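Heads up, the thing below is written out as structure tokens.
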């Protein structure tokens, strides 16, 4: 009996224990299922939020990429402009260097021509000075000879003169032949001086302009810059020659003045 009672109690305890365990399992299972549902909802919300953030980041990334592309294109255009400007500056530097070299060569050539002109001017001045000296000596000599002739000979018979000499006597009086000799000598000296000056002007103009030039164009052409063209010193030499001739521009040297006017029509 006692054993049966013990068995019944054991069976009853086991049933209660089993029922209690079952209840605990169901409670734990329900709790886990609730947690799983909550976790699933949280995951869904997090996933949705992450997707939204991903879309927002993607749009931001697209905007940033577009802005970077725009900035890159703008900077590339600026770089191309700077490169083109650099090429232009380099070309300009090359061009300026070539111009400077050309100007330097031209300056050297003009300096050489100026030195040559100065040497020629010195020679021409010496020629004019010599001619002036010879003219004065000739005038003094002729005056002395005229005085001596006047004292010794008196009037010259008309029959002893040819046609040209007769015209000279009628034109210049008793002293005409001697003065005419002076006139011819001065005319020859002026002609020689004019020829030397003309040759110098032509040679200088030919060297300066790179082509042949004639006397009359060089007279009529007024140069606007030195050293090309007729220089002021050459002009002064022409003027000196004119003054040298015009010193005897009275009736006894009219022919000399006429020849000088033909030689230098601009003066």
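Listed values, structure above:
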read-out	value
Rounded FRET efficiency, nearest 0.05, which uses the C-beta distance separating residue 111 from residue 89 and R0 of 22 Å	0.10
In nm, spacing of pseudo-spin labels at residue 65 and residue 29 (7 Å Cα→C-beta vector)	5.1 nm
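A short reminder: the numbers here are calculations on the coordinates, not readings from a lab. Fair warning: this is a prediction, and the values are worked out from it, not measured in the lab. Every residue, glycine as well, gets a Cβ built from its backbone with ideal geometry; the counts of neighbours run over all protein chains shown.
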